[in-house]
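Each remark here refers to the structure printed beneath this line.
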Amino acid sequence: MATLRRWLASAHMDPAKLGWITGELGLASYAAISSIYLLFYATEVLHITPVWAGLALLVPRIWNVVADPIVGFVSDRTRTRFGRRRPFLLIGALAWGAAFFLLFNLPRAEGTVALVVLFSAIFLLNNTGLAIYQVPYHAMLAEMTRNPRERTKLVAYREVAARVAVLLTLFSAPLILAAAVNQDAGFRSIGLVFAAVILGSGLIAFFATAKAPATAAGPRHAGLRIGIAPLVENRPFAFVTSSFLFVNLGDAVFSGALVYYITDVLQRSAALIGTLYPISSIAGILVTPLWTLAANRWGKANMCRLALGMNAACCALPLLIPPAHGWLMFPFMALYGVSNCGARLLPCAMVPDTVELDQQRTGERREGVIFGLFVFVQQTGFAAGGFVLSVLLTLAGVGGAGQGADRASGVVMAFAVGSAALYGMAFLAILGYRLDPDELQPKHTVRPATERPR
């Protein structure tokens, strides 16, 4: 705790960076709600079967194959008096907040097919608003500072903000559900409350970053290089992006299966999540400065491999926890928080280094395109992880005829083996990453966002 206090006290952060970090609050709250409750809401409140619910959440991601890179490409070449990225923060926060509210306040459609189509369509609108906001927001990281070690610290502060947001979200969401007259009313309230969080954090980020550093906009009529070129040309980016795909797949399976593990295996109330996840978040917050210091001393890639290996091993531990000893989940979630913090923090800190490498090779600043691909992979991991979990739960008998010991065993396999295998794939993918950030020397200076392009 003392290390964390000293680390936070040494931040010396200007208002622009602090405002940018605040923009993470809506993203983190959304990730917590969607990864834990969205599939549960679809199956238990809307009464959509797990496979159909998984498909309804997966299909809109096809649009993001195009949307995320396009948003990044357009933001690279946007020229306004508000800068390149900031207009997208404002538009995205408004659209995303409205769609998220609708997602949990759906009008009741007649028939299963109509309900699935409506749910998927609103989720498509949600993903579109999210892309408009999230891609330029993440691209701003590469512009805030050109110092690799300072970027690691900035990502670490953002990680602390994210975990605080997750902590507050998972503390308040169960209370909102418990206070409602039924689950339907509870989730409607969740839609309202966290839509307000999304909008509020987005507006703060927009206004606070008015004087944030920014690199020059790319040429208006440059070639349309918005495809997968960075994944092909930039091998370090390909490796870190592939690894982060499996991290997000693992996160989605772990988070989504946890509520089933608690209710079906441990025979406890789903409200226990309100205790278990805060333990994970607090542990992550406490070790964030340690991961940061270790990464700057021994290398981001080395520490990333360590974190991913720990995360995979940790997720297999529920196989050894007898249902009668459910109290072991408390230290387990602390260990998970320690390893998962590094697994999420370090890949995000490595991507800006690949932006510098890309500029050295191409002569262009393509933060938007690169982060568009990275964000697409992140969101696809969450969505595809939800579908993978829906298949695993179907095999486990959830929503069907499965019950008793067979269903509980299937849930354990989905929760422990499924997530451990995915984090293990993330570890294997990062083994190929080779990039020394100290060898990257910026070629261009950063200009204020308020300076007019020439």
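Values in this text are rule-based calculations from the coordinates and carry no lab data. A quick note: this is a predicted structure, and the numbers were derived from the prediction, not measured. Don't worry about glycine lacking a Cβ; one is built from the backbone with ideal geometry, like all the others, and counts go over all protein chains shown.
Cross-link reach is defined here as a Cα-Cα straight distance under 20 Å, omitting same-chain residues fewer than 8 places apart; for K211 the aspartates and glutamates meeting it are D14, E24, D76, E143, E150, E367, E451.
With the charge dipole of the range 56-158 set up from +1 on Lys and Arg Cβ and -1 on Asp and Glu Cβ about the Cα centre, the Cα lying farthest toward the positive end among the listed residues V59, G83, F100 is that of G83.
Projecting label points 7 angstrom from Cα along Cα→Cβ for Q183 and Q267 puts them 2.1 nm apart. Treating the angle as unsigned and between 0 and 90°, give the value, to the nearest 10°, between the Cα long axis of helix 367-396 and the longest Cα principal axis of the chain. Taking the Cα atoms of the chain, the angle to 367-396 is about 10 degrees. Seen against the Cα atoms of the chain and their longest principal axis, helix 235-260 is set at about 30 degrees.
Of L395, L258, L167, how do they rank once you tally other Cβ atoms within 10 Å and put the fewest first? Write out the running numbers ahead of the final one.
Numbers: L395 14, L258 25, L167 20.
Final ranking by Cβ density, sparse to dense: L395, L167, L258.
Between the beta carbons of E233 and L293, assuming R0 = 30 Å, the FRET efficiency works out to 0.40 to the nearest 0.05. In sequence order, the range 195-201 has phi-based couplings of 5, 5, 5, 4, 5, x, 5 Hz under the Karplus curve 6.51 cos²θ - 1.76 cosθ + 1.60, θ = phi - 60°, and Gly or Pro positions carry x.
Quote the relative contact order of the chain in percent (integer), defining contacts as alpha-carbon pairs under 8 Å separated by 6+ residues.
On the way: 753 pairs, mean separation 131.5, N = 454.
Computed over the chain, the figure is 29 percent.
Within the chain, the proportion of Cα pairs with more than 39 Å between them is 16 percent.
Note down the net charge around L177, summing +1 for each Lys or Arg and -1 for each Asp or Glu among other residues with Cβ under 14 Å from its Cβ.
Numbers: positive: R188; negative: E44, D184.
It works out to a net charge of -1.
What the phi angles of the range 29-38 give under the Karplus curve with 6.51, -1.76 and 1.60, with θ = phi - 60°, is a coupling list of 5, 4, 4, 5, 5, 5, 6, 8, 9, 5 Hz, glycine and proline written as x. Using the rule -39500 (n - 2.57) for each DSSP H run of four or more residues, divided by the residues of the chain, the 222 nm mean residue ellipticity is -24000 deg cm²/dmol. The label point for L317 and the one for R149, both projected 7 Å from the Cα toward the Cβ, are 3.3 nm apart.
Here the calculated FRET efficiency for A109 and I282, from their Cβ-Cβ distance with R0 = 35 Å, stands at 0.30, rounded to the nearest 0.05.
The phi-based Karplus calculation (6.51 cos²θ - 1.76 cosθ + 1.60; θ = phi - 60°) puts the 3J(HN,Hα) values of the range 61-68 at 5, 4, 5, 6, 4, 8, 5, 4 Hz, whole numbers, x for Gly and Pro.
Projecting label points 7 angstrom from Cα along Cα→Cβ for R79 and E44 puts them 5.4 nm apart.
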